[in-house]
Every structure is written in C-alpha cells, then in structure tokens.
Amino acid sequence: MLTRADLAKYPFVAEATDYVRELGFSIDEIATPEFSPVLDRAERRLEEALSKSQISVEVSNESAEILSFPVSNLILGLIGDERARRRFALAEAKRAYDLLRQESPEKLEHIATTTFGWRLERLDIRLGLRLYDFGLNLADFLRNSVHLREPRWNLPNRVLNHGLVYVTREETARLMEEEVRMRVLERSSKVPASVPQPLGSKVERARGLVIKWLGIPTQYELPKVPMPDAMPPCIRHLIDNLNEGKNVQHMGRFALAAFLLNIGAGDEEIVKMFKPATDFSERMTRYQVEHIGGKRGGRTKYTCPMCTTLKTHGVCFKPDKICDTIRNPLSYYKRKSRILSGKGPSREFS
Amino acid sequence: MSSAEHLIKQKFQQFYLERNRTLFSPPAASQREYGFLLFKGKFMVRHRTFKNPETLLTAIRDLSPAHVYFSTAYYQDPTASMDQKGWLGADLVFDIDADHLDTPCKIMHDNWKCKACSTVGKGSAPKTCPKCKNDRVEIETWLCDRCLQEAKEETIHLLEMIFSDLQMGDANLSVYFSGHRGYHVHLHSEDFRMLREEQRREIVDYLLGEQLDPSLQGMEDVPEGGVLILKGPQWGEPGWRGRMVRGIYEVLTKEGENLGLNQAQLKVINAWDKANFFTKPFWSSLKGINAGTWKNIVQRAVRETAAKIDSVVTSDVHRLIRLPGTLNGHTGLLGVNVPLERLDEFDPFIESIAFPEGQVKITVKDSPEFRIGSQNFGPFHDEKIELPTAAAMLLLCKHKAEPTS
Ligand code: SF4
Ligand SMILES: [Zn+2]
Ligand SMILES: [Zn+2]
C-alpha cells in the first residue's frame with residue numbers, strides 16, 4: 001500500500017519502522033561516511049523545528065528522509081529537554097498534516113488503522129454542505145479532539161451516530177496530526193541507557209542548537225509542587241502554552257506566577273518556567289516574579305486573581321466541575337489535592 | 001447515635017444476616033475499591049477490597065453500614081491511597097436524579113435550610129442563601145411517585161440517546177434504581193473504559209447539549225438568488241442534527257405564541273404536516289423570524305431534548321457509587337437492578353421494598369403523603385402510630401420520625 005516515497009513523507013508509520021529494522025544498521029555504523037546524509041538531515045530536522053517550528057519535506061533522498069526521523073528522536077531523547085521535544089513533536093505533526101490533507105481517503109484510512117489502530121469506517125455521507133468521508137470510533141476521536149480548541153471539535157457540535165463521529169477528510173488529517181504529535185512526544189521521551197559513541201558530537205551540536213533557539217537548557221520540569229495533578233485547567237493550559245513556545249499575555253503570566261508562588265514553588269523554578277516563552281527576558285521575569293512574591297516593590301504578596309477576572313481576560317480555560325464550586329484557582333488546587341490524596345469529601349452518593 | 005439510627009442499624013443488620021442473602025457482584029469485582037458509610041459518626045470506611053462477594057457480605061454483616069459503595073474504576077491495588085492505586089480504567093456511568101429535574105411537586109415536599117442564618121424555604125434549594133448569600137444550604141428532599149416517574153422517563157430518554165448516538169457494539173449496559181430519587185446507568189465497555197476525565201466530560205456535554213452551536217449542526221444562512229435563506233438539518237438525520245429539528249418542531253407547535261411569532265408565521269406552523277418533514281425541510285417555509293428569536297427557539301429545543309444527567313458523576317473516574325443489592329440509608333429501600341425490558345413498568349415503591357413484614361411504632365413529626373406497596377400513608381403531623389416496617393423505615397431514615405419508646 002505505501003511506497004518508499006510515502007515512508008519518506010510519513011516516517012512515523014509502522015512500515016517505516018519495519019523498513020529501518022530491515023536495513024539492520026547498528027549504531028556504530030552511524031559514524032561511517034554513507035550515513036552522513038542521514039545525520040545531516042536529522043540535525044536539520046531539529047534545527048528547522050527549533051528555529052521556525054516547521055519541518056520541510058525533502059524528497060530527493062528518500063532513505064535519508066526515513067532514517068533521519070528515528071535519529072532525531074534518539075538525539076532528543078539524549079538531550080532530554082522537554083521544550084525541544086515538544087517543539088519537535090509539534091513541527092513533525094504539522095508536517096504530517098500538510099501532507100496528509102492531500103491524500104486519498106484510502107491512504108488516510110490505511111495509516112490511521114494500521115499505525116494508529118483507529119477504528120475508522122468509510123462513509124461518504126453528505127449532510128448539508130459537508131461531505132463526511134469517515135465515521136471515527138468515539139474513543140479514538142475523543143483521545144485526540146480534547147486537545148483541539150476550536151468549537152468544531154467539541155462533541156456537542158459533532159454528528160455522532162452509533163458510536164461513530166462523522167469526520168471530513170480534512171478533519172481526519174487534523175486528528176491524525178494530533179496523534180502524530182502525541183506519538184513523537186512519546187518516542188523522544190525514551191532515554192537510551194548510554195550515549196552511543198558516534199553520536200556524541202551530534203548530540204553536543206544539537207544541544208547547542210537548543211540553547212541557541214530556546215535559551216539555556218535548564219532541566220525543564222513542572223515546578224516541584226506537592227501535587228501537579230491538582231492544578232486547575234487554566235494553569236495547566238498556561239504551562240502548555242509556554243512549553244509550546246506560544247506567547248502568553250501579561251494576565252496569564254501574572255496568574256501563573258502568583259498561583260505557583262502561593263502553592264509553594266520557588267522563585268528560581270518559576271523563572272525557569274518562563275524560559276520557553278518567545279519574548280523571555282530573564283531579568284524582567286525575575287523582577288516580576290519577585291515583585292509578585294512580595295520581595296520587591298510594595299512588599300505586598302500577591303494572591304492569584306479570581307476566576308471572574310481570569311474569565312474576562314480569556315485566561316480561564318475549559319473549566320471543569322470543580323471549577324463550578326470555587327472562585328479562585330487556589331481553592332481549586334486545595335480541593336482537588338484533597339480529593340486526589342483520598343482525604344476529600346467522602347464521595348457519597350444518594 | 002440517635003435512637004432512630006440504632007433501630008435502623010439493627011434492622012439493616014437483620015436484613016443482611018438473612019441466610020440466603022447474596023450480593024450483586026460487579027465485573028472485575030476484586031479490582032474495585034469498596035467503601036462503607038457507617039451510622040456511627042457518619043464515618044466513611046474506604047480503600048477496601050474483597051476477593052469475592054462472600055467476604056464482602058461478611059464485612060457488611062459486621063459493620064451494618066448505612067450505605068455501601070463500590071468504585072466505578074478498576075485498580076491495580078484498590079487498598080492503596082488515591083494516587084498509588086494504579087488506575088486501570090473505569091465504567092462509564094450516568095446518574096439521573098430527581099434532584100436535577102424540575103418537577104412541580106418539589107415545592108410541596110422539599111425543604112431547604114441555610115446552615116449559616118437558618119433561613120428556610122420550600123422547593124429546590126437555591127445555590128446561595130437569598131438572605132445571607134452563604135452557599136451552605138442544606139436540602140431535605142422527599143421521594144414521591146411523580147418525581148420518580150419523571151426520573152424514570154428521563155432515564156428512558158437517556159437510554160434512547162445512548163443507543164442511537166453513543167453505543168458501540170460490545171457495550172454491556174445495566175440500569176439500577178438507586179433506592180432513593182433516581183436511576184444509574186452503567187456501561188461496561190472496553191471502548192469507554194480508558195476514557196479520561198476530560199474525555200468523559202465531552203460525552204457529558206454532548207448528552208446535555210451544552211454549548212451546542214446550531215451553525216455547526218447545519219443551521220446556516222445560505223445566499224440564494226440574492227437573499228439569505230435559512231437552511232437547516234432534517235428530521236431523520238443522525239445525532240443532534242435530527243434531534244434539534246424534532247425539538248424545534250415541538251417548541252414551535254406547542255408554544256409559538258409565547259415566542260413572539262406573528263400571525264402569518266403561526267399560520268404556517270399550524271399548517272405543517274409532520275409526516276412531510278422526513279423529506280421536506282420546514283426551514284424555508286418560516287419567513288421573517290429574526291436571528292435572536294431563532295437562537296431562543298433553538299436553545300429551548302436543545303434544553304427540551306437533552307438528557308438531564310448529573311455531570312459530576314459521569315466525568316469522575318474515581319467515583320464511588322452505590323452497590324446494587326444493598327440498602328440505601330436515606331430510605332431503607334434497596335438499590336436494585338432493573339432489567340431493561342422491565343424498566344417501563346418498574347415500580348420502585350413495590351420492587352425495592354426490603355422490609356415487607358412486621359409493624360413498627362413511631363412518632364412522626366411531619367410527613368407528606370406517600371405510598372409504599374399499594375398502600376397510601378399520611379400526611380402525618382405530630383402523631384404516634386404503628387406502621388408497616390417499610391413505611392416506618394422510610395420515615396425514620398428521612399428524619400421525619402422517632403421510634404416510640
Ligand atoms: S474557573 Fe477558575 S480555576 Fe477553573 S479554569 Fe476557569 S479560571 Fe481556572
Ligand atoms: Zn443564610
Ligand atoms: Zn415529587
């Protein structure tokens with residue numbers, strides 16, 4: 001079904017993995033001259049992702065295009081920089097989307113079912129102005145759609161029939177993009193036990209690129225707070241945005257910093273957290289954080305803005321049911337952490 | 001413990017001690033967490049697990065709890081603390097409760113009280129106290145035929161929506177009466193089992209029609225011959241498309257006058273031939289209704305046709321929920337399995353009676369009229385009487401009476 005040219009376009013598919021395995025190349029051979037196009041392309045993949053969040057399609061050398069993908073993942077795993085991994089996953093996913101949206105329904109179906117294990121049915125149904133090519137299993141749909149923000153991805157705005165969500169060809173490609181993003185993220189998280197010798201210099205070069213485009217590589221993690229799982233949706237969303245290198249408006253930053261300070265994260269950690277932001281200025285951020293924390297200026301320790309304020313500034317994001325019962329993200333955190341630790345209100349039921 | 005609680009606990013224990021008592025056993029019973037709410041101090045015992053229904057029954061016989069719960073989730077280690085349990089998925093459950101329905105009888109039989117300033121009122125509890133704005137408002141509900149009938153109809157409506165929109169082949173579905181004011185629907189499905197909280201919330205939003213945007217369900221102004229014509233979905237189309245049309249039809253034909261439609265428009269509506277809607281959409285026949293009115297009509301239509309489920313229960317992936325076959329401490333009635341084909345004729349006031357024998361002497365403070373079995377009781381006001389055990393238990397559990405010493 002898929003040609004080698006297809007594998008070059010979609011190096012994440014199951015067949016591409018098989019192809020790489022069948023070539024049976026070992027990590028030591030990577031240093032040999034025949035492989036230099038692969039290593040170069042792997043490095044360029046990373047640089048393109050880091051510098052412009054976009055990865056080109058190089059069809060001239062198919063095998064380098066296929067092989068460079070796992071090598072990029074390997075390098076990222078060795079660097080272990082979360083920001084870089086997210087950037088790369090997003091860029092690979094966008095690259096896939098741009099190609100997938102032009103494919104025939106047959107090819108979409110093939111990749112979605114064999115590589116992603118989606119349960120997808122051909123439909124060819126026209127409703128109103130839209131032509132639905134597929135019915136996608138509800139669970140497969142939801143796993144991806146919950147990350148997408150436009151209203152058209154909310155389930156109440158979908159056609160749902162006997163457990164199948166109707167999707168157009170373009171929408172299928174968009175959901176596949178999301179699936180690719182998750183999978184690449186997952187793949188690059190695998191840290192090899194040791195740095196294979198021949199890759200050593202490449203990894204150092206790549207680390208240099210990360211510094212160049214994303215700033216000093218700090219071991220980026222969620223700040224060490226007692227319970228990251230207990231954070232409200234708005235705060236998690238802000239963190240995701242920073243991670244993806246998106247710009248976060250002043251109110252969002254203020255809320256995030258105030259929230260984190262109030263639940264006990266340290267100044268240093270919070271400053272680090274703002275690093276991925278595109279307009280990051282360490283000195284400014286440090287100043288703001290310390291200001292919010294009460295160490296500078298008026299010495300008032302700021303508390304986190306109320307939900308109503310966050311709503312008017314568009315910071316509130318997908319409020320959930322706990323949100324209905326609180327008025328401040330900090331109360332959300334308190335309540336949710338009690339529930340998670342099992343000390344919560346007994347979940348009794350009438 | 002009050003003397004009423006002593007008596008209830010004793011009766012519950014007798015019930016559980018009966019020799020051939022058996023318990024409902026959920027699928028993968030040993031991967032579930034169990035919890036018991038004790039009469040004494042309203043204390044919750046949780047994070048328990050049982051190898052088989054027999055050991056569970058032994059524990060219930062020992063404790064004689066007011067409520068018995070099991071987790072909708074499956075865990076590697078159900079006894080560990082919440083974040084160490086190792087979540088392995090959860091059933092998809094729905095709760096329909098009279099609490100969420102607008103029944104006209106509530107004003108007669110439900111009361112609320114503000115814990116802060118002691119203001120009291122009748123009917124459904126307000127979100128915050130109208131006098132002191134405190135949100136600690138306590139509700140005292142009653143269960144009546146009317147409320148339970150509406151809850152049952154709402155459950156049937158939910159089931160229709162599940163079967164036509166949600167259901168995938170393998171899902172194994174059960175319906176339970178909660179022993180109080182509502183019904184639970186459990187879906188044990190491989191497909192739904194691994195859904196996370198935010199994904200379940202999407203399903204909740206879907207069933208409630210929350211934030212539904214009609215323009216994304218096919219209702220659009222389309223230019224035709226120089227004017228904008230309203231186009232919309234058709235009657236028999238799948239999902240919310242068809243449901244929206246059916247709802248709009250209901251709303252317009254029932255209360256077109258109240259929606260500010262003019263005579264000409266009402267005339268068109270009255271001339272509609274329902275049978276035709278399968279083939280011929282009615283959108284274009286209604287001229288000159290402004291966008292605001294349409295929005296209003298659609299909102300009403302969605303509200304009328306949505307399934308009124310409790311959103312918290314469905315999205316919570318660590319929920320503890322009543323174990324069918326056990327007693328409900330709010331009523332002394334049994335939570336029972338209701339076979340689908342019997343749901344329509346199911347009578348909770350007959351089929352969930354746990355104490356069919358004997359009489360109990362009680363002193364009733366205040367109680368509306370109610371039915372147990374085929375007999376009506378009350379209303380009562382400050383009287384000493386002897387009632388059949390099931391009726392007496394209901395009043396005792398509902399804090400409407402004390403045992404007569
Ligand atoms: S309601 Fe408050 S806590 Fe919840 S998402 Fe919105 S702003 Fe955050
Ligand atoms: Zn009050
Ligand atoms: Zn009622």
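The values are calculated or read from the model by the stated rules, or taken from the named source; none is laboratory data. Nothing here was measured: the structure is a model prediction, and the numbers come from that model. In this analysis, Cβ positions are derived from the backbone assuming ideal geometry, glycine residues included, and neighbour counts consider all displayed protein chains. We work out accessible area using only protein heavy atoms, side chains counted, and drop any ligands, DNA or RNA first. Shrake-Rupley method; radii C 1.70, N 1.55, O 1.52, S 1.80 Å.
Taken over segment B:136-165, residues that are within 16 Å of ligand 3 (Cβ to nearest atom) and among the aromatic types (F, W, Y) amount to 1.
How many residues are touching a Lys or Arg at 6+ places or on another chain (Cβ under 8 Å) and either at the interface with chain A (Cβ under 9 Å from one of its Cβ atoms) or in contact (Cβ under 8 Å) with a residue 60 or more places away in the chain (or both) when one looks only at segment B:218-233?
Applying the first criterion (touching a Lys or Arg at 6+ places or on another chain (Cβ under 8 Å)) to segment B:218-233 yields B:218-222, B:233.
Narrowing further to those that are either at the interface with chain A (Cβ under 9 Å from one of its Cβ atoms) or in contact (Cβ under 8 Å) with a residue 60 or more places away in the chain (or both): B:218-220, B:222, B:233.
Adding up the residues that qualify gives 5.
Report yes if A:E82 is open to solvent by less than 40 Å² (accessible area, probe 1.4 Å) and in the same structural domain as A:K202 (by TED's automatic domain parsing), otherwise no. The answer is no for A:E82.
Entry remark, segment B:22-36: residues being open to solvent by less than 50 Å² (accessible area, probe 1.4 Å) and at negative phi number 8 in total.
Only one residue in B:S64, B:S81 is of a type in the set (S, T, N, Q), away from ligand 2 (no atom under 16 Å from the Cβ), within 25 Å of B:T314 (Cβ to Cβ) and in the same structural domain as B:I321 (by TED's automatic domain parsing). Which one? First the steps, then the outcome.
On the way: B:S64 fails: within 25 Å of B:T314 (Cβ to Cβ).
Answer to the selection: B:S81.
Residues of segment B:95-109 that are within 13 Å of chain A (Cβ to nearest Cβ) and either within 16 Å of ligand 1 (Cβ to nearest atom) or not aliphatic (A, V, I, L, M) (or both): B:D95, B:D97, B:D99, B:H100. The numbered conditions (1) over 20 Å from A:R152 (Cα atoms); (2) within 14 Å of chain A (Cβ to nearest Cβ) are all true for B:L252 except (2).
Take the conditions (1) touching a Leu at 6+ places or on another chain (Cβ under 8 Å); (2) at positive phi; B:G373 misses just one of them, which is (1).
Inside segment A:110-144, residues that are more than 8 Å from chain B (Cβ to nearest Cβ) and aliphatic (A, V, I, L, M) make up a count of 7.
Looking only at segment B:207-220, which residues are open to solvent by 40 Å² or more (accessible area, probe 1.4 Å) and in a helix (DSSP H, G or I)? Steps first, answer last, please.
Here is the first cut: in segment B:207-220, the residues open to solvent by 40 Å² or more (accessible area, probe 1.4 Å) are B:208, B:210-211, B:213, B:215-216, B:220.
Across segment B:207-220, the qualifying residues are B:L208, B:S215, B:L216.
Restricting to segment B:193-206, name every residue that is open to solvent by less than 40 Å² (accessible area, probe 1.4 Å), farther than 11 Å from B:S311 by Cα and among the hydrophobic types (A, V, I, L, M, F, W, C). Within segment B:193-206, B:L195 is the sole residue that qualifies.
Helices (runs of 4 or more DSSP H) fully within segment B:103-206 that include at least 3 residues being touching a Phe, Trp or Tyr at 6+ places or on another chain (Cβ under 7 Å): B:145-161.
Residues that are of a type in the set (F, W, Y), surrounded by 15 or more Cβ atoms within 10 Å (Cβ to Cβ) and farther than 18 Å from B:Q14 by Cβ within segment B:37-66 comprise just one, B:F50. Take the conditions (1) touching a Ser or Thr at 6+ places or on another chain (Cβ under 6 Å); (2) within 16 Å of ligand 1 (Cβ to nearest atom); B:K127 misses just one of them, which is (1). Scanning segment A:145-178 for residues that are more than 10 Å from chain B (Cβ to nearest Cβ) and modelled with pLDDT of 95 or more yields A:V167, A:T168, A:R169, A:E170, A:E171, A:T172, A:A173, A:R174, A:L175, A:M176, A:E177, A:E178.
With respect to the conditions (1) away from chain B (no Cβ under 14 Å); (2) not in a helix (DSSP H, G or I), A:G77 falls short on a single one, namely (2). Residues that are under 26 Å from A:R338 (Cα atoms) and at pLDDT 95 or above are absent from segment B:51-61. Please go through segment B:102-154 and give me each residue that is polar (S, T, N, Q) and more than 10 Å from ligand 2 (Cβ to nearest atom), ordered by number. Passing the criteria: B:T103, B:N111, B:S124, B:T141, B:Q149. Scan segment A:321-343 for residues that are under 17 Å from A:C304 (Cβ atoms) and within 13 Å of chain B (Cβ to nearest Cβ) and the total you get is 9.
Here's the yes/no breakdown for (1) within 16 Å of the chain's Cα centre (by Cα); (2) assigned by TED's automatic domain parsing to the domain that holds B:R300; (3) more than 20 Å from B:H109 (Cα to Cα); (4) at pLDDT 90 or above:
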| residue | (1), (2), (3), (4) |
| --- | --- |
| B:I156 | yes, no, yes, yes |
| B:S164 | no, no, yes, yes |
| B:M168 | no, no, yes, no |
| B:N172 | no, no, yes, no |
| B:H186 | yes, no, yes, yes |
| B:E220 | no, yes, yes, no |
| B:V227 | no, yes, yes, no |
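Taking the stated definitions as given, is B:G292 open to solvent by less than 60 Å² (accessible area, probe 1.4 Å) and away from every other protein chain (no Cβ under 14 Å)? Yes.
Give the residues of segment B:130-148 that are more than 16 Å from ligand 1 (Cβ to nearest atom), surrounded by fewer than 18 Cβ atoms within 10 Å (Cβ to Cβ) and either without any contact (Cβ under 8 Å) to a residue 24 or more places away in the chain or not acidic (D, E) (or both), sorted by residue number. Break it down into steps so the answer makes sense when it comes.
Restricting attention to segment B:130-148, the residues satisfying the condition of being more than 16 Å from ligand 1 (Cβ to nearest atom) are B:130-134, B:136-148.
Now narrow it down to the ones that are surrounded by fewer than 18 Cβ atoms within 10 Å (Cβ to Cβ): B:130-134, B:136, B:138-140, B:145-146.
Residues satisfying the conditions are B:P130, B:K131, B:C132, B:K133, B:N134, B:R136, B:I139, B:R146.
Taking the stated definitions as given, is B:C114 away from chain A (no Cβ under 14 Å), away from ligand 1 (no atom under 16 Å from the Cβ), over 15 Å from the mean Cα position of the chain (by Cα) and not aliphatic (A, V, I, L, M)? When the stated conditions are applied, B:C114 passes them. Within segment A:119-154, restricting attention to residues that are touching a Ser or Thr at 6+ places or on another chain (Cβ under 9 Å) and in a loop (DSSP other than H, G, I, E, B), which residue is surrounded by the most Cβ atoms within 10 Å (Cβ to Cβ)? This residue is A:N154.
Regarding segment A:206-220, can at least one residue be identified that is under 30 Å from A:T309 (Cα atoms) and at pLDDT below 80? Yes, segment A:206-220 contains a residue that is under 30 Å from A:T309 (Cα atoms) and at pLDDT below 80. Scoring B:M161 on the criteria (1) within 14 Å of chain A (Cβ to nearest Cβ); (2) without any contact (Cβ under 8 Å) to a residue 12 or more places away in the chain leaves a single failure, condition (2).
Residues of segment B:100-122 that are open to solvent by 90 Å² or more (accessible area, probe 1.4 Å) and more than 24 Å from B:L208 (Cβ to Cβ): B:I107, B:M108, B:K113, B:K115, B:V120, B:K122. Within segment B:367-382, being surrounded by 14 or more Cβ atoms within 10 Å (Cβ to Cβ), closer than 20 Å to B:T404 by Cα and free of Cβ contacts under 8 Å to residues at least 60 places away in the same chain holds for B:S367, B:F377, B:G378, B:F380.
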